[in-house]
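Every read-out reported here was derived from the displayed coordinates using simple, explicitly stated rules and does not represent laboratory data. These numbers were taken from a predicted model, which means no experiment stands behind them. Neighbour counts are summed over all protein chains in view; Cβ atoms, including those assigned to glycine, are modelled from backbone coordinates with ideal geometry.
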Amino acid sequence: MKHLVFVVNPRSGVERNKQIQAAIDKYLDHSVYTHEIQLTERAGHGEDIARKAAADGAFAVVAVGGDGSVNDVLRGLFETGTALAIIPKGSGNGLARTLSIPVDVRKAMQVINTGLMEKIDLATANGKLFASNAGVGYDALICKKFANSTRRGLGVYSWLVTKYMWLYRDWNWKITVDGKEYQRTAFLVNIANGQQMGYDFKIAPDANWTDGLLDVVIINKFPKIMGGWLGLRMYNGSLLKSNYVERIRGKHILISNPELKLMQADGDAITCTNELEFKVLERAQAVLVGKICI
């Protein structure tokens, strides 16, 4: 029998915890898996739980939550050999969507039952591990504003995106990709390992978790009246066709601006230095996925 450890944030509410337990009872293949549920008690506790579960020989640790919760568990599993699984219960669920893990709990549990596993690339930003994407500029600002909001959901996210698009000023960036230097005046610079930022908005629509490369997506200065059109392109997967957007692929990326103090990694807004170094970690983590990347 293979053992699963489900990591759940109790602050998400008693009803959610009951729903997860009910879903495990009803949908998990108990002929294949044994399981336990661990509740987080503080920020970063998911990392500690995941690390201990791996040390105790768990087959996989199941992150029940959004991108932040998944990233927390991922840090605990890194270099342990224990697999990551996801039950998406966050707002955007960008990590899960890129891995073709359904946001429906029953279907997500079926992904775990199937046991389809792939080793995916991870990446670091100044040593901080991330799985999906990290960025500077406008997307970092939105992540900070969304984190500080008392409400969640696509409506709130869209309102913040629209409001701050008109207020935000473009920055001058020095970007170095595998030794080649670029100077850009850009709205944002995103380093993508996966495809999504959440809510099915695709920042790097053809990024591949397993190609050993990071996609540097630059949205250059554009007329603000075009913001809605760029958002639509992001949603339908055609962002890279815009004349205002360019994509450069590489393994080692440096980004700098003298005023830089904020970045986001997997949707978590964090303070940073004025120069960031990004590296790809090839095939670094086993994950139970909805389908194999090609």
### Query
Relative to the longest principal axis of the chain, what angle (0 to 90°, nearest 10) does the C-alpha long axis of helix 105-114 take?
70 degrees
### Task
Fewest Cβ neighbours within 10 Å first, please rank Ile248, Ile142 accordingly.
Ile248, Ile142
### Shape call, the range 194-294: gyration tensor on alpha carbons, a/c limit 1.5
oblate
#### Entry: Neighbour-count order for Asp48, Asp206, fewest beta carbons within 10 angstrom listed first
Asp206, Asp48
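Figure the gain on full extension for Met117 and Gln19 (residue separation times 0.36 nm, minus the Cα-Cα span) and round it to one decimal in nm. Intermediate results must be reported in sequence, preceding the final value.
On the way: separation 98, 0.36 × 98 = 35.28 nm, distance 2.54 nm.
That pair, Met117 and Gln19, stretches by 32.7 nm at full extension.
For the range 17-83, which trypsin sites (Lys or Arg not before Pro) pass both filters: DSSP loop (anything but H, G, I, E, B) and at most 11 other C-beta atoms within 10 Å? The partial results should precede the final answer.
Values: sites: Lys18, Lys26, Arg42, Arg51, Lys52, Arg75; in loops: Arg42.
Those that pass, being in a loop and sparsely packed, are Arg42.
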### Query
Ranked from highest to lowest mean number of other Cβ atoms within 10 Å per residue, what is the order of the peptides 252-262, 58-68?
58-68, 252-262
#### Entry: Mean-position separation - Cα centroids, the range 219-294 and the range 85-153, in angstrom
14 Å
### Message
Just to verify a number: FRET efficiency for Met165 and Asn274, C-beta to C-beta distance, R0 = 22 Å, to 0.05?
### Response
0.35
### Query
Rounded if a/c is under 1.5, else prolate if a/b beats b/c, else oblate: with a ≥ b ≥ c from the C-alpha gyration tensor eigenvalues square-rooted, which is the chain?
prolate
### Message
Pairs of alpha-carbon atoms within less than 8 angstrom and 6+ residues apart define the contacts here; what relative contact order does the chain have, in percent?
### Response
21 percent
### Bins of 5 Å from zero: percent of alpha-carbon pairs in the range 117-267
2, 9, 19, 24, 23, 14, 7, 2, 0
### Query
Which three lengths, in whole Å and largest first, does the range 1-153 cover when its Cα atoms are put on their principal axes?
48, 34, 29
### Message
Only Cα pairs within less than 10 Å get springs; with that Gaussian network setup on the chain, which residue of Ile219, Ile270, Ile203 has the largest fluctuation?
### Response
Ile270
### Query
Quick one: if you stick a label point 7 Å off each Cα along the C-beta vector at Met226 and Leu154, how many nm between them?
2.6 nm
